[in-house]
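Undergrad: So that we are looking at the same thing, I have put the structure below in structure tokens.
The values are calculated or read from the model by the stated rules, or taken from the named source; none is laboratory data. Everything numeric in this text was worked out from a predicted model, so none of it was measured. So basically every Cβ, Gly included, is an ideal-geometry build from the backbone, and we count neighbours across all protein chains shown. Heavy atoms of the whole protein, side chains included, go into the accessibility calculation; ligands, DNA and RNA do not. Shrake-Rupley method; radii C 1.70, N 1.55, O 1.52, S 1.80 Å.
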Amino acid sequence: MAKYDVAIIGSGPGGYVAAIRAGELGLKTVVVEKDPFLGGTCLHVGCIPTKVLLHHADVYDHFKNAAELGFEVSGLKINWANILSRKDKIVKKHAKGIEFLFKKNKVEWVQGWGRYEGPGKVSVEKDGKKAPIEASHILLVSGSEARALPGIEPDHKTILTNRSILELPEIPKTLIVVGAGAVGVEFASIYNSFGTQVTILEALPRVVPVEDEEISAELDKTFRKKNINIFTQAMVNSVKKDGKGVTVTFKDKDGKTQTLQAEKLLLAVGRKPMTDNCGLEKSKAKLERGAVHVGPYMETSEKGLYAIGDIVFGLPLLAHAAMMEGISAVTHIAGKPGPAIRKDRIPNATYCEPQIGSIGLTEKQAREAGHQVKTGKFPFVGNSKATILGNHSGFIKVVSDEKYGEVLGIHIIGPLATEILAEAAAVLHLEGTIDDMMNMMHAHPTVWEGMGDAFASVRGLQINV
Ligand SMILES: Cc1cc2nc3c(=O)[nH]c(=O)nc-3n(C[C@H](O)[C@H](O)[C@H](O)COP(=O)(O)OP(=O)(O)OC[C@H]3O[C@@H](n4cnc5c(N)ncnc54)[C@H](O)[C@@H]3O)c2cc1C
């Protein structure tokens, strides 16, 4: 039996990135993946296919607004089958890319169900047969799956999850999205662009509830302008299927029962960690609501057993968080100084239209943490590149501590928000101050230069507004 330095269960962004880095660091590495392909939720039914559809929705929006840009377009039609096929091609290409990177870095992989079998031991089960693997370090990176609501089980034809909504043979005329987190608002945005009448039902008082309150308010306003119906503080009571689709009853924020009908319903009410049947009961790892507690460098309470990605307790369920957690673990295993994971330094990108990019503390969190908060805000209406793009709604909000000008959080909604977020992440990572950033030169004309104005606005020294 081959003995490995590292065995990794799961090949999503947490698993495959950890494996490649482990290979680069000279660790003998094997990945166990239940599916016949590599890449996990993110590549196959998460980040990548949704962003393909969002890109197509964006292109379609441009065609619809062609007259504003001086073009006459006639006979514009959506070829949905071609869009789905392009999505699938992109996914396949990148799954093959991971296989190539595994070979390049001498990472082995086997297909089968991986299970922790005690210190240094993993089993791989396929077609009823079990094979053992020995490894000095084991990383469990088994990911998450869509949560359902009690009594509302997805049938994947009418009641959908993030998986089944990617395979719809036709664009529905009407869609109810339950949940206004990142997944819910992205699909709401996609189908709204393609002409579906979308209604969002959110149990909490605002859409994108993890974002700064002003960001939620701006998204709410823009979505309503785009004719997306939104009900917040809406508690779904029942979902009944019939020949036409679904009938949903819910209690609205005034306590009144309302009924809605739609062709399809998407459940986007969060994710649950996939830790069942992974052998964790044979370890000292501590679990809370199915998620695994970790210490420094992602090690669980069981020495030599690490948990990474969506199964980790208390960290956001994001691909880039999983990737850096994997890097942190294997770098530590290789005996080198690895990056520590800081929750307040994890960027959030939500790719709906308008896009949202944020990092660090919201204004409310900063006040609650006892900071002497000073904020600044720059609206994209003052940014010439945004006007050129025909997309100048939204703003950049900077949250800082008044004493030393420490940057605590940055919240962007508007054009290219998920791209210019790069500067926000760098500032927090390098612990820059308002003065460092407002005195840094930004290229003109770019949407990015709005960041310079946003930092300067904390001192009342913005130029373009
Ligand atoms: C619709 C949607 C859109 C998203 N968009 C974004 C985005 O734009 N940006 C972003 O950062 N995040 C996004 N996410 C979140 C992102 O997909 C996850 O955070 C990320 O995939 C987590 O990576 P992971 O490696 O922990 O798990 P996963 O990607 O879930 O991978 C886990 C892997 O483990 C395998 N596995 C599970 N159990 C076993 C077992 N016992 N044995 C063998 N193999 C096993 C699974 O088959 C899977 O391949 C999105 C999620 C969804 C649902």
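Undergrad: Could you give the size of the charge dipole of region 323-376 about its Cα centre, using +1 on the Cβ of each K and R and -1 on the Cβ of each D and E, expressed in debye and rounded to the nearest 20?
TA: It comes to approximately 220 debye.
Undergrad: While we're on this one: Only four residue types carry charge here, +1 at the Cβ of Lys and Arg and -1 at the Cβ of Asp and Glu. Report the dipole size of region 266-412 about the Cα centre in Debye, rounded to the nearest 20.
TA: 140 debye
Undergrad: Quick one: grab Rg to one decimal and Dmax as a whole number for the chain, Cα atoms only, in Å.
TA: Answer for the chain, Rg first and Dmax second: 23.4, 68 Å.
Undergrad: Here is a follow-up. Please give the net charge around Ser142, taking every other residue with its beta carbon less than 13 angstrom from that of Ser142, where Lys and Arg add +1 and Asp and Glu add -1.
TA: -1
Undergrad: Over the heavy atoms of Glu281, what accessible area does a 1.4 Å probe trace out, to the nearest 10 Å²?
TA: Glu281 exposes around 140 Å² with every protein chain in place.
Undergrad: Over all directions, average the projected area of the Cα convex hull of region 71-202 and note it in nm².
TA: Orientation-averaged projected area of the Cα hull: 13.5 nm².
Undergrad: Sticking with this structure for a sec: What number comes out for accessible area per residue over the chain if the probe is 1.4 Å? Units Å², please.
TA: Here the per-residue accessible area is 47 Å².
Undergrad: How much accessible area does Arg147 have with a 1.4 Å probe, in Å² rounded to the nearest 10?
TA: Arg147 has an accessible surface of roughly 100 Å² with all protein chains in place.
Undergrad: Under 9 Å from the Cβ of Phe313, count the other residues' Cβ atoms, weight Lys and Arg +1, Asp and Glu -1, and hand me the total.
TA: +1
Undergrad: Summing -39500 (n - 2.57) over the DSSP H runs of n ≥ 4 in the chain and dividing by its residue number, what mean residue ellipticity at 222 nm do you reach, to the nearest 500 deg cm²/dmol?
TA: -9000 deg cm²/dmol
Undergrad: Just to make sure I understand: if all protein chains stay in place, what is the order of Thr350, Thr387 by accessible area at 1.4 Å, largest first?
TA: The ordering from most to least exposed comes out as Thr387, Thr350.
Undergrad: Another one. For a quick check: with amide H placed at 1.01 Å from N, whose amide H comes under 5 Å from Arg271's, ignoring anything fewer than 5 positions away on the same chain?
TA: Residues meeting the criterion, in which the H sits 1.01 Å from N, are Arg147.
Undergrad: Now for a different question. Just read off the accessible area of His442 with the full protein assembly in place, 1.4 Å probe, to the nearest 10 Å².
TA: Roughly 30 Å² of His442 is accessible to a 1.4 Å probe.
Undergrad: Note down the magnitude of the dipole of region 333-406 about its Cα centre, charges +1 on Lys and Arg C-beta and -1 on Asp and Glu C-beta and zero elsewhere, to the nearest 20 debye.
TA: For region 333-406, the charge dipole is close to 160 debye.
Undergrad: Take the solvent-accessible surface of the protein heavy atoms, probe 1.4 Å, and return the percent of it on region 193-335 that carbon and sulfur atoms account for.
TA: Carbon and sulfur: 52 percent of the exposed surface of region 193-335.
Undergrad: Hey, if we sort Tyr306, Tyr404, Tyr297 by accessible area with the 1.4 Å probe, largest down, what's the order?
TA: Output order, biggest surface exposure first: Tyr404, Tyr297, Tyr306.
Undergrad: Continuing with this model, one more query. What order do Lys77, Lys397 take when sorted by accessible area (1.4 Å probe), most exposed first?
TA: Highest to lowest solvent-accessible surface, that is Lys77, Lys397.
Undergrad: What Kirkwood hydrodynamic radius do you get for region 300-388 when you take the inverse of the mean 1/r over all pairs of distinct Cα atoms, in Å?
TA: 16.3 Å
Undergrad: Name the residue farthest towards the positive end of the dipole of region 330-465 from the options Ser393, Asn464, Ala340, assuming +1 on Cβ of Lys and Arg, -1 on Cβ of Asp and Glu, about the Cα centre.
TA: Ala340
Undergrad: Which value, in Å to one decimal place, does the Kirkwood hydrodynamic radius take for region 335-465 when every pair of different Cα atoms is included?
TA: With all distinct Cα pairs of region 335-465 included, I get 14.7 Å.
Undergrad: To continue, here is another question. Could you give the Stokes-Einstein D for region 83-135 in µm² per second, using the C-alpha Kirkwood radius, 20 °C, 1.002 mPa s?
TA: 160 µm²/s
Undergrad: Here is a further query. Tell me, what ³J(HN,Hα) does each residue in region 241-254 have, in order and in whole Hz, if you take phi through Karplus 6.51 cos²θ - 1.76 cosθ + 1.60 with θ = phi - 60° and put x for Gly and Pro?
TA: Values per residue, Gly and Pro as x: 8, 9, x, 8, x, 10, 10, 10, 10, 8, 8, 7, 5, 8 Hz.
Undergrad: Let me ask you something else. Probe radius 1.4 Å, ligands and nucleic acids ignored: give me the carbon and sulfur share of the accessible area of region 1-160 as a rounded percent.
TA: It is 55 percent, rounded to a whole number.
Undergrad: At what distance in angstrom do the alpha carbon centres of region 294-348 and region 157-179 lie from each other?
TA: Distance between centres, Cα-based: 33 Å.
Undergrad: Where the centroid of each part is defined by its Cα atoms, how far is region 71-121 from region 190-249 in Å?
TA: 30 Å
Undergrad: Along the charge dipole of region 24-115, pointing to its positive end and built from +1/-1 on Cβ of Lys, Arg, Asp and Glu, which listed residue (Leu38, Pro49, Ser74) has its Cα farthest out?
TA: It is Leu38, whose Cα lies furthest towards the positive end.
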